Amino acid sequence: MGSIPSIIMTDTGALIQAMHLFSPSLPIGAFAFSQGLEAAIESGRVRDSETLTEWCRGVMCHSLSSLDGHYARLAYRAVSQSQFVEMNAELLASRETRELLLEDTLLGSALKKWAVDQAIDVPDATEYSLICLYGWIASRLDIPEDWMVASILWTWLDNQMVVAAKAIPLGQNALQGVLKTLKPLVADCVQQSCLAIGTVAHSTVPLLTILSAQHETQYSRLFRS
């Protein structure tokens, strides 16, 4: 038998690294957060597969690709610890509610501990954004930049399905239909986040901000955000 081309081995190794870094079983506690979806469900704005699809589409197109994906790429490309710290601080400053900030920093802190346990060099920072730390770690693990952004988007989308299953609730067939509908959008958002580099990062989902703030005083809830 002939030898396996090195490029295939390299791609396979990078894929395994990405699967590990973005695995739902990674011990960072992402399952405890809904990123505003629980409040959207409580308000009645998200109530079925159609409204869930539109909710996810809006957040992905107008926040995750233009803000989170943007800063994940900048952190991935950071050439020094000081540059990472600057990008990290900028993204944390963009979190518009206490809940969204705490989610980012708590998960970032947990990911930092995981990275240290894995002997991955992590810059010194007062607080860590999960998204920026994903970018920094993915670069050190030789995960391609686009794969990293796609994984962030897919992990977020997959978590939204878990929230919807518990809080609406929706059955698995309906949720798989939502994922099927939105898969092409993930690829589009990866491309848009790349094209946006060099422009001003932004998030234009004011309803998410309002619902996140309302969630802080929601009477009964399953999730921390």
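Read-outs throughout are calculated quantities, based only on the coordinates presented, and are distinct from any laboratory measurement. Please read all numbers here as calculations on a predicted model, not as lab measurements. When we count neighbours, we look across all protein chains shown, and the Cβ atoms used for this are built from the backbone with ideal geometry, even at glycine.
Centre-to-centre, using Cα atoms only, region 37-95 and region 130-155 are separated by 14 Å. Computed over the chain, the per-residue total of -39500 (n - 2.57) for DSSP H runs of n ≥ 4 gives a 222 nm mean residue ellipticity of -21000 deg cm²/dmol, rounded to 500. Relative contact order for region 1-127: 25 percent, from Cα pairs under 8 Å spaced at least 6 residues apart, divided by residue count. Its Cα centre serving as origin, the chain has a Cβ charge dipole (Lys and Arg +1, Asp and Glu -1) of approximately 340 debye. Against the chain, whose longest principal axis comes from its Cα atoms, helix 130-140 is set at around 20 degrees. What is the helix-to-structure angle for 49-59, meaning the angle in degrees between its Cα long axis and the longest Cα principal axis of the chain, kept from 0 to 90 and rounded to the nearest 10? Orientation of helix 49-59: about 50 degrees from the principal axis. Dipole of region 34-210 computed with +1 at Lys/Arg Cβ and -1 at Asp/Glu Cβ about the Cα centre; of W136, G44, T105, farthest Cα towards the positive end is G44.
Shown here for region 123-225: GluC sites (Glu not before Pro) in loop regions (DSSP other than H, G, I, E, B) with at most 15 other Cβ atoms within 10 Å, namely E127, E216. The string of couplings for region 188-197 from the Karplus curve (6.51, -1.76, 1.60, θ = phi - 60°) is 4, 5, 4, 5, 5, 5, 6, 5, 7, 4 Hz, one whole number per residue in order, with x for Gly and Pro. Here the 3J(HN,Hα) profile of region 66-77, calculated from phi with Karplus coefficients 6.51, -1.76 and 1.60 at θ = phi - 60°, is 8, 10, 5, x, 4, 6, 4, 5, 5, 5, 4, 8 Hz, Gly and Pro shown as x. Above 17 Å lies some portion of the pair distances; for region 19-158, what is it as a whole percent of all C-alpha pairs? That fraction is 59 percent. For region 76-149, the Kirkwood hydrodynamic radius comes to 12.4 Å, computed from all pairs of different C-alpha atoms. Bridging of K112 to lysines at a Cα separation below 30 Å is possible for K166, K183, once same-chain residues fewer than 8 apart are set aside.
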